[in-house]
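**Q** The structure is given below, and queries will be raised subsequently.
The values are calculated or read from the model by the stated rules, or taken from the named source; none is laboratory data. Bear in mind that the values here come from a model prediction, so they are computed numbers and not experimental data. Ideal geometry is used to build each Cβ from the backbone, glycine not excepted, and the neighbour counts take in all protein chains shown. For accessibility, only protein heavy atoms count, side chains too; no ligands or nucleic acids. Shrake-Rupley method; radii C 1.70, N 1.55, O 1.52, S 1.80 Å.
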Amino acid sequence: MPFELNRIDGKPTLSSRRPERFSVKADEAMIEMPVAANHEIELYFPAPDGKIDPIWLNLATDLMTHLTEIDNEVQRISAEQWKSNGLHLPSTDYEGELAYVKLIGPDEVVLRYWVIGYNSEWDEVFFCVLEKWVRKA
């Protein structure tokens, strides 16, 4: 079924976001986390001077708590684009899979999606506004 909802969940990864679990290179921290049975993503955020600031861990926790809803919104937008393309392309041209997440500000994240059945990738930007993650239009 195209544009499957509730396909990933960041909540099970909450316990893995301890500073010692991250690798730090070139002022950036990274961790790989499973979000579904056969789906892992990478999470990146700044780590100036190799130090992990708890602010980033808190933002990562909030983001991963809402990851299902965020991904569902991306799938909803992708389904709308697929329906309106007028070219009758297969849904695999639009149904992206989350590759990684990059925290770039205290309330801003970039999610990188790619399409496996088609040579395409794109970014989705979300902002945290009043404790809700909102897609940048």
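**Q** Give me the dipole magnitude in Debye, nearest 20, for the chain about the Cα centre, with unit charges on the beta carbon: positive for Lys and Arg, negative for Asp and Glu.
**A** About 140 debye.
**Q** For the stretch 7-12, just list the computed ³J(HN,Hα) in residue order, Karplus coefficients 6.51, -1.76 and 1.60, θ = phi - 60°, integers in Hz, with x standing in for Gly and Pro.
**A** With the stated coefficients, the stretch 7-12 comes to 8, 10, 8, x, 4, x Hz.
**Q** Just subtract the alpha-carbon distance of residue 118 and residue 62 from 0.36 nm times their residue separation and send over the number in nm, one decimal.
**A** Once the chain is fully extended between residue 118 and residue 62, it gains 17.0 nm.
**Q** Here's a follow-up. So for the chain, Kirkwood radius off the Cα pairs, Stokes-Einstein at 20 °C and 1.002 mPa s: how many µm² s⁻¹?
**A** Rounded to a whole number, D works out at 137 µm²/s.
**Q** Share of the chain's accessible area from carbon and sulfur, percent, 1.4 Å?
**A** On the chain, the fraction of accessible area on carbon and sulfur atoms equals 53 percent.
**Q** Quick one: helix 54-65 against the long Cα principal axis of the chain, what's the angle to the nearest 10°, folded into 0 to 90?
**A** Roughly 30 degrees, rounded to the nearest 10.
**Q** Is the shape of the stretch 33-81 rounded, prolate or oblate, going by the alpha carbon gyration tensor and its root eigenvalues a ≥ b ≥ c, with a/c under 1.5 for rounded and a/b larger than b/c for prolate?
**A** Prolate is the answer for the stretch 33-81, as a/c is 1.5 or above and a/b outweighs b/c.
**Q** So, one more: Between residue 104 and residue 134, what is the spin-label point distance in nm, taking each point 7 Å from the Cα along the Cα→C-beta axis?
**A** Output for this residue pair reads 1.8 nm.
**Q** Students often forget the sequence filter, so: which aspartates and glutamates lie under 13 Å Cα-Cα from residue 102 once same-chain residues fewer than 8 apart are removed?
**A** 28, 32, 42, 123, 124
**Q** Obtain the nm distance between the two label points defined at residue 37 and residue 51 by a simple spin-label model: each point lies 7 Å from its Cα along the Cα-to-C-beta direction.
**A** The answer from the label model is 4.4 nm.
**Q** For residue 29, what residues show an amide H to amide H distance below 5 Å, using hydrogens built from the backbone and excluding near sequence neighbours?
**A** The answer is 45, 47.
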